[in-house]
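The values are calculated or read from the model by the stated rules, or taken from the named source; none is laboratory data. Because the structure is a prediction, the values reported are computed rather than measured. Note: ideal-geometry Cβ built from the backbone for every residue, glycine included; neighbour counts use all protein chains shown. Ligands, DNA and RNA are stripped out before the accessible areas are found, and what is left, the full protein with its side chains, is counted by its heavy atoms. Shrake-Rupley method; radii C 1.70, N 1.55, O 1.52, S 1.80 Å.
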Amino acid sequence: HAKRLDRLEGKTVYLVDCRFDDSIELLKQVAAWFAAHRPGVVTRLVSLTNYYGKDDPETWQTIRAEGDAAILGVGH
């Protein structure tokens, strides 16, 4: 269970494509929104190395080490 951030400014938010029904397209729009409305937030768009039903420990470790928050995209 992750601790809730009090703000996103100056933080890195990972946008995680879970490879389900075009979630990458949704996350591209989320990244564009952050760029236009919250330029102080760094976003990093990544895709899981496999489909959403398989764990991806390396990606989760990278997010823990380099990120402050994550948004998981699961498509539509």
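Which residue, of ARG64, ARG4, is loosely packed, with under 15 Cβ neighbours inside 10 Å, on the phi < 0 side of the Ramachandran plot and assigned to a loop (DSSP other than H, G, I, E, B)?
From the options ARG64, ARG4, the qualifying one is ARG4.
Just need a number here: residues in the stretch 18-32 that are modelled with pLDDT of 95 or more and surrounded by 18 or more Cβ atoms within 10 Å (Cβ to Cβ).
The number of residues fulfilling the criteria is 1.
Can you give me the number of residues within the stretch 55-76 that are within 15 Å of SER23 (Cβ to Cβ) and free of Cβ contacts under 8 Å to residues at least 12 places away in the same chain?
Narrowing the stretch 55-76 to residues within 15 Å of SER23 (Cβ to Cβ): 56, 59, 70-76.
Cutting the leftovers down to free of Cβ contacts under 8 Å to residues at least 12 places away in the same chain gives us 56.
Residues meeting the conditions: 1.
Regarding LEU15, is this residue under 11 Å from LEU72 (Cβ atoms) and either modelled with pLDDT under 95 or out of contact with any Phe, Trp or Tyr (no Cβ under 7 Å at 6 or more places or on another chain) (or both)?
yes
Residues in the stretch 33-52 that are open to solvent by less than 80 Å² (accessible area, probe 1.4 Å) and either of a type in the set (D, E, K, R) or under 12 Å from GLY73 (Cα atoms) (or both): how many?
So the count comes out to 4.
If ALA35 satisfies every condition in (1) modelled with pLDDT of 95 or more; (2) closer than 23 Å to ALA65 by Cβ but one, which is the exception?
It is condition (2) that ALA35 fails.
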